[in-house]
Amino acid sequence: MSGLDIQNISLDLDGNKILENVSVSVREGEVVGLIGPNGAGKSCLLKSILGLLDIKSGKISIDDQNIDDLDLKERAMKMAYAAQGAPVYWPLTAETIVGLGRVPHLNPWQKLTKNDKIAIDYAMERTDCADLSDRLVTTLSGGERARVLLARVLATGAKYILADEPVAALDPSHQLQVMNILSSLSKSGHGVLVVLHDLGHALRYCDRLILLNDAKVIGQDVPEKILSDQNLKNIFGISASRWAENGHSLLSPLNVLDET
Amino acid sequence: MSRYVFGNTVLLVALIIVAVLSLLFGRVDLSFTEVVDALFGNPNDPLTIIVRELRLPRVILGIVVGAAMGVSGAALQGVLRNPLADPGVVGVSASAALGAVIAIHLGAASIWPMLIPIFAMGGALAATFILFLISARESSVLMLILVGIGISSLAMAAISLVMNLAESPMTIRDMIMWMLGSLENRTVSDLLLALPFILFGWLMMINIGQGLNALSIGEDTAQTMGINIKGLKLRVVVGSAISVGAAVAVCGSIGFVGLVVPHIVRALICNEPGKILLPSALMGGLLLTLADLVTRIPQFSTDLRLGVVTSLIGAPAFLYIIYQTRKNMR
């Protein structure tokens, strides 16, 4: 079955168990939210899938191909990563940054081809940052920068997008923009795995949720089931208020529950 | 013509002009035709000896050494993602100086003058080897910088010890003069000693441009773009160590070229860390050849040292550029 399949992976870092027998999957056309309290192992799970951390055991496959059989470039063409915080170290133009998305497709000396330019333009169009092309990223606002970095991810042409807290530190309108972009990408065939802290976004935008706690998967199901009062109480220690508006189910954390 | 091609062309033309001027001026000033005649003339003619055996090797050495420092500075700043990195940060310059100072202390120059650069090369290679062992295992940038600082400090301490033990003030003077850097009296032998190592270093760094560009958005992201980060770091650290080590071995510590050149190039040509390598090489060669020409202005005594001139030109240029580009650095 095509998709991103993670079977029974375990990860140790400095003798600490970070992930224990974690099995998750992402199909094309869906947004899968990865939620859980701080330190649950969400970012490490993303990094393990991407090959940035060496797993102790388990199997990761993309579209039925074992990831160990793919070299770095082949992986890069299938999975793209939107890192947390997304730093940019030099004052480069937005277009240059987005163009970096084409690196997996080019050998070290190759210049951008016409196809690469089409992919870059498409990515900037989709993320609504075409008018930023010549701006230096260091002069962009947080929201503009987030869109440019998302365009970089999209320009890779990778089917699977793994995003680590892409809306952290963005104002509400930019949060909605980024979530809408991720959601629209899934509709055009991408599989998206996104780490989220905002349970409201998780409920509203994700097709499925994976709840991670203490290195283990607690549940993997539609948002309504994962965000049960029981789970919110046991895992996050909160209660929530729920309502519906314009056909969206909404949720907002309400109170911290006593740990008794 | 793009700004990049234009910038490189201007640098290349300027480099050729300064190189030709360097062949003309010195203790004896020659005309252009005299230089051309001397280059292809009778090998026993004194002018031919001056041009072929003294000035030409000095000019070529200046270009190569400057280019080595420029490229290494640009590559290290790119891989460490730190605009303050320079070839000195990995500790090879100080280690090469230690080798030279030991050779001077042992009176090696009176046995065979080439022993000084050979000892310096030994020091640089020892430091490079330590860096290689560490960067093959350790991938954290911070660790590499700290190890470089450690190697550098240790070498400086050992230099102080050797100076402390020196028997005459003349020896200490020789050591300090060596460390201030110079291209004076360098011959074909110096060129032949340094060139293979410098070229080897460049060869290691030959196709790092794409990786450096990818690193602009972080190590993890670059790796998910198919870049072998560990290999890239190893090649940049060892490649720049070996070429700068060889450069310092033959002409002493020359400050500021490796730090300042990439900044000038970024301000004038472009910011992409992978694309600044070539212009940094040209600019490094240009700056060093120009500085060497300044040391030959007769009004300054022959004791004006190259490293002093490069720092005197480099530091104000650096401050000016930092001031000009400060709004982009936030």
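Miscellaneous remarks
- Top-ranked residue of segment B:266-290 - restricted to ones that are in a helix (DSSP H, G or I) and over 13 Å from the mean Cα position of the chain (by Cα), ranked as surrounded by the fewest Cβ atoms within 10 Å (Cβ to Cβ): B:268
- Residue within segment A:97-116 that is within 14 Å of chain B (Cβ to nearest Cβ), in contact with a strand residue (DSSP E or B) (Cβ under 8 Å, 6 or more places away or on another chain) and of a type in the set (Lys, Arg) present: no
- Of A:82, A:94, all but one fail to be buried (at least 24 other Cβ atoms within 10 Å of the Cβ) and in contact with a strand residue (DSSP E or B) (Cβ under 7 Å, 6 or more places away or on another chain); the exception is A:82.
- Among residues of segment A:68-96, those that are more than 9 Å from every other protein chain (Cβ to nearest Cβ) and free of Cβ contacts under 8 Å to residues at least 12 places away in the same chain, counted: 3
- Picking from residues in segment A:122-149 that are in contact with a Ser or Thr (Cβ under 8 Å, 6 or more places away or on another chain), outside any helix (DSSP H, G or I) and more than 9 Å from chain B (Cβ to nearest Cβ), the one that is surrounded by the most Cβ atoms within 10 Å (Cβ to Cβ) is A:133.
- Some residue of segment B:129-148 being buried (at least 19 other Cβ atoms within 10 Å of the Cβ) and within 30 Å of residue B:167 (Cα to Cα): no
- Of the residues making up segment B:305-320, those that are in a helix (DSSP H, G or I) and touching a residue at least 60 places away in the same chain (Cβ under 8 Å) are B:306, B:307, B:308, B:310, B:318.
- Pick from segment B:110-144, criterion among the hydroxyl-bearing types (Ser, Thr, Tyr) and under 23 Å from the mean Cα position of the chain (by Cα), ranking: nearest to residue B:81 (Cα to Cα): B:135
- Only one entry in B:140, B:168, B:216 is hydroxyl-bearing (Ser, Thr, Tyr) and over 30 Å from residue A:74 (Cβ atoms), namely B:168.
- Of all residues making up segment A:1-29, the number that are surrounded by fewer than 18 Cβ atoms within 10 Å (Cβ to Cβ), assigned to a strand (DSSP E or B) and hydroxyl-bearing (Ser, Thr, Tyr): 2
- Qualifying residue in segment B:209-218 (condition: without any contact (Cβ under 8 Å) to a residue 60 or more places away in the chain, farther than 30 Å from residue A:161 by Cβ and either assigned to a loop (DSSP other than H, G, I, E, B) or more than 14 Å from every other protein chain (Cβ to nearest Cβ) (or both)): no
- Listed by first and then second residue, the pairs with beta-carbon distance under 7 Å, at least 6 apart or on different chains, first residue in segment A:105-121 and surrounded by fewer than 16 Cβ atoms within 10 Å (Cβ to Cβ), second not in a loop (DSSP other than H, G, I, E, B), are A:108/B:209; A:108/B:210; A:112/A:99; A:112/A:102.
- Of all the listed residues (B:231, B:226), the sole one being within 22 Å of residue B:91 (Cα to Cα), small (Gly, Ala, Ser) and either surrounded by fewer than 24 Cβ atoms within 10 Å (Cβ to Cβ) or modelled with pLDDT of 95 or more (or both) is B:231.
- Cβ pairs under 7 Å, 6+ apart, first in segment A:35-47 and in contact (Cβ under 8 Å) with a residue 60 or more places away in the chain, second surrounded by fewer than 24 Cβ atoms within 10 Å (Cβ to Cβ) and part of a loop (DSSP other than H, G, I, E, B): A:40/A:214; A:41/A:215; A:43/A:84
- Output for segment A:161-177, where each listed residue is within 13 Å of another protein chain (Cβ to nearest Cβ), farther than 15 Å from residue B:218 by Cβ and either of a type in the set (D, E, K, R) or surrounded by fewer than 23 Cβ atoms within 10 Å (Cβ to Cβ) (or both): none
- Residues in segment B:82-106 that are in a loop (DSSP other than H, G, I, E, B) and at pLDDT below 85: B:82, B:83, B:84, B:85, B:86.
- Residue in segment B:168-208 that is surrounded by the most Cβ atoms within 10 Å (Cβ to Cβ), counting only those that are among the polar types (S, T, N, Q) and away from every other protein chain (no Cβ under 14 Å): B:182
- Residues located in segment B:172-208, provided they are of a type in the set (Gly, Ala, Ser) and in a helix (DSSP H, G or I): B:189, B:194, B:201
The values are calculated or read from the model by the stated rules, or taken from the named source; none is laboratory data. Note that the structure is a prediction, hence the values are computed from the model and not measured. We place every Cβ from the backbone using ideal geometry, glycine too, and count neighbours over all the protein chains shown.
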